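Report on one structure; see the data block that follows.
The values are calculated or read from the model by the stated rules, or taken from the named source; none is laboratory data. Bear in mind that the values here come from a model prediction, so they are computed numbers and not experimental data. Cβ coordinates were reconstructed from backbone atoms using ideal geometry, including for glycine residues, and neighbour counts include every protein chain displayed. Note: accessible area is taken over every heavy atom of the protein model, side chains too, but ligands, DNA and RNA are not part of it. Shrake-Rupley method; radii C 1.70, N 1.55, O 1.52, S 1.80 Å.
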Amino acid sequence: MRHPSKLLLSTAVAALAGLSSPAFAQIDEIIVTAEKRSESVQDVSASITALDGALLDANGITDVTRLELVVPGVNFAFIGNDAKFNVRGANSNNTFNDAASIVGAFVDGVYKTRASQQTRSFYDVNRVEFLKGPQGTLYGRNTLAGALNVITNTPDFSEPYGGANFSAESFSTFRTEGYANIPVSDTLAFRISGFTEQTEGYVSNIAGPNLGGADEYAYRFQALWEPTENASFLLRASRANEEGSSLGVFSYAGLCRPVNSAGRTDQTGSILDCENPRRGSAGATRFDVLGPYTVEHDFVPDGDVREDVVSLEANFDFGGILLKSISSYTDYRNFIGFDGDSSGTNFERFWNDERNESYTQELQLSSDTSGPLSWLAGFYYSKDDQFFSFLDFRATVDNNNNPNGATAIVSEDILLNGFFADSTFLETDTIGVFGQVEYAVSDQLRLIGGLRYNEEDKTLDGGGSNFTANGPVTLVPGLVLTPNVVPDDPFQVFQINRNAPGAVVLEESFDKVTWKVAAEYDIDGDTMAYATVSTGFLSGQLNRNGNITDQQESTNYEIGLKTQMLDNTLQFNISGYYTEYDNLLTQSQTVDPNTGNVITFGENGGDITAFGIEADFVYQPDDRLVLNGGFSFLDSEYGTFGTGNVLQDLNGVPTGFIDLSDTETPWSPDITLNLGASYVIFEGDWGRLTPAVNFFYSGAYQASTVIPFSEVARQDSYTKTDLRLTWDSPNEAYSVSIFGENLENEAVNARVNVGGNDFVQSSFLYPRNYGIRLSAEF
């Protein structure tokens, strides 16, 4: 007799589809390495969304920005090119300087240190795995709320083959991608892949080039050598290069400021002031006239984003014991500029510069036997040398006669002033020793336990600004520039002396033992129930102002069910969780008395508790129809939590501190829902024609931690709908897809921030997009 709950579920799904067919088409199995060993995603006792290359193509996913549309419980935002993942109530709002994303991102097992590295495009990808909940045992470093694995395709020895695709999309976006597999012998093979992309940018600029314009390319070279059946070596070398106009250092679009009856900025104020408040911006176009996808910027510099990665993966089979080694070197720079006055006036210019040189080494030993006991043990080491700097100066002089709003410039003559720059040199040594054991108590019950020791030693030196006495940042001696020419390179203006006597020097060590316990129970051959408790941590932050924060910690309790039904034409997964986050960072800000600019640093804000339910399903009753979907319910609120007030008043009263205890956390919609369907409407001598639809719904949420009570920072509930029509040739060597994404043209308010002069600003996710994609395999 079938289990009653399974019978009820299968009947409901079949009724929803309104279709039945005797020709079953089993769902393809997706093999993942989420637990550092190859296994079916349905056998992993964790909440994980796995997307293979076909699913990535079907959902138009070429980078991380669209993952939230298919991964229940994940919200995505960005500032500039920093990824801002928000998972189960916790957010990655603070990712500047020595602050990391709460989601650890790994590409082919190599950790991406900076949040801006997480936004790089995907190409020649085999699969993507998004693990929700802390992953402190097997991944350790900065996986407080989850981990993102990107696994690329590797060389094989079968035969020479390759492929290419070309797409043309809105905003004059053109993308070309290709790959080639080249076997040289039975033991040596190469794979070369890469892409190029050019776009004019989706943010229109009435005073200069569009924002978000890019000219980028990337390539990856891989060499696989298998000298024996028991040993293999995989060398990877890749480069990514991106130039073009940034979407901002902190955000790109100005918003109307909330003001109270006294004329002071107040996040609870009912009056909206839509004038640009930045110094030097008098006469600029009102923000309510510009809208979410239009700006007025006279200064639009080309950014410089470069990443070089070399890694070596070695695998050995010692007969029952497997050894894996992953060694890597990464050299990364993210240098972007921005119009500081956000107007057509030639007044102020910002730059943000972050650099990272990273070495990593991971060793894994694992069992490869059929007995009841399986185990994995490992060691991890990394060394990061990082540099951060924010640089700012003014090209002209303003009259400075309006302390509460925009000012006019005195003349168009170039006279550099308002200098501000800071610097931070940070060295981080990370060690992790970990192990996980699984024991089969019976044919149905398995117990799992894992433990990891984490240690991070950090040294900050050269910290400070040009306002630090005897500090590390000074103007270039005898600064003389060509008259009436404003430098495009801030290092023509500033010089940094790391060893200056007034530089801030900090040292701190953080250590934490993270653990996991879990139980898996096979209800039958197609259904597994599981329960886990896992922990994670993110080390404390060293700030150039001398402040050191406590490390952030998380504990997650989760139960779940993974099942396959109807001869594996239906897969359904559901989980419930309760997560506690402690010592979470908040973004604090102070105002520099000399320039009026806001200086941002990290502080421990407090705690968050979150509980919710996540579910996903795939139903493929025959070779023509595929249905899939996901659902998330989230209830997340602050415990004891506070942040600084960046505006003048709160409820009409001058307030420096905001108590957020027992309020809803930002970027935490109560409900998200995604549904997808594809159906082959024709298949014959002319090929196959398949229309597909993907629908996404998000409940409302706050989009800011700094003005959490303002309606200006609230994103209402919204939907996004994608349509796609694909023709595949009879031999599947060629395909053509036409598509429309975000047909509602919903402008999603991704993240609201506040800068100097109470400048409320935001970033909006991608608008409506149309395109065509041509693919060929040979």
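Taking the condition open to solvent by less than 20 Å² (accessible area, probe 1.4 Å) and under 29 Å from G771 (Cα atoms), does S116 pass? Yes; evaluated as a whole, the condition is true for this residue. If you check T176 against the conditions, is it touching a helix residue (DSSP H, G or I) at 6+ places or on another chain (Cβ under 7 Å), of a type in the set (S, T, Y) and either open to solvent by less than 30 Å² (accessible area, probe 1.4 Å) or touching a residue at least 12 places away in the same chain (Cβ under 8 Å) (or both)? Answer is no for this residue. Note on region 294-312: among residues that are surrounded by 19 or more Cβ atoms within 10 Å (Cβ to Cβ) and either under 25 Å from the mean Cα position of the chain (by Cα) or without any contact (Cβ under 8 Å) to a residue 24 or more places away in the chain (or both), the one that is nearest to G208 (Cα to Cα) is V300.
Results for (1) farther than 23 Å from E35 by Cα; (2) out of contact with any Phe, Trp or Tyr (no Cβ under 9 Å at 6 or more places or on another chain), shown as yes or no for each residue.
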| position | (1), (2) |
| --- | --- |
| S358 | yes, no |
| Q361 | no, no |
| A377 | no, no |
| Y380 | no, no |
| R394 | yes, no |
| N401 | yes, yes |
| A408 | yes, yes |
| S411 | yes, yes |
| L415 | yes, yes |
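Sort out which residues of region 316-330 are closer than 30 Å to Y219 by Cα and open to solvent by 40 Å² or more (accessible area, probe 1.4 Å), and write them in order of number. Within region 316-330, F316, L323, K324, Y329 meet the criteria.
Going by the structure shown, is N543 among the polar types (S, T, N, Q), surrounded by 15 or more Cβ atoms within 10 Å (Cβ to Cβ) and touching a residue at least 24 places away in the same chain (Cβ under 8 Å)? Spelling it out, N543 is indeed among the polar types (S, T, N, Q), surrounded by 15 or more Cβ atoms within 10 Å (Cβ to Cβ) and touching a residue at least 24 places away in the same chain (Cβ under 8 Å). For beta carbons closer than 8 Å, sequence separation of 6+ or different chains, a first residue in region 477-488 that is closer than 20 Å to D298 by Cα and a second that is among the hydroxyl-bearing types (S, T, Y) and open to solvent by 60 Å² or more (accessible area, probe 1.4 Å), there are no qualifying pairs. The residues of region 726-758 that are open to solvent by 10 Å² or more (accessible area, probe 1.4 Å), part of a strand (DSSP E or B) and not polar (S, T, N, Q), listed by number, are W727, D728, Y734, V736, I738, F739, E741, G755. Quick one: what pairs do we get from region 665-679, first residue open to solvent by 20 Å² or more (accessible area, probe 1.4 Å), second basic (K, R) and assigned to a strand (DSSP E or B), C-beta under 9 Å, 6+ apart or different chains? Note: pairs meeting the criteria are S678/R724. Of all the residues that make up region 134-173, how many are touching a Lys or Arg at 6+ places or on another chain (Cβ under 9 Å), of a type in the set (D, E, K, R) and either closer than 26 Å to R191 by Cβ or crowded, with 22+ Cβ neighbours inside 10 Å (or both)? Total meeting the criteria: 1.
Inside region 191-239, can you point out the residues that are part of a loop (DSSP other than H, G, I, E, B) and either without any contact (Cβ under 8 Å) to a residue 12 or more places away in the chain or open to solvent by less than 50 Å² (accessible area, probe 1.4 Å) (or both)? Spell out the reasoning first.
As a first pass, look at region 191-239 and keep what is part of a loop (DSSP other than H, G, I, E, B): 200-202, 206-210, 212-213, 229-230.
Hits for region 191-239 are G201, Y202, A207, G208, N210, G212, G213.
A single entry from S343, S367 fulfils the requirement of being open to solvent by less than 20 Å² (accessible area, probe 1.4 Å), touching a residue at least 40 places away in the same chain (Cβ under 8 Å), out of contact with any strand residue (DSSP E or B) (no Cβ under 6 Å at 6 or more places or on another chain) and among the polar types (S, T, N, Q): S343.
Looking across S101, S167, S116, one residue alone is part of a loop (DSSP other than H, G, I, E, B) and of a type in the set (S, T, Y). It is S101.
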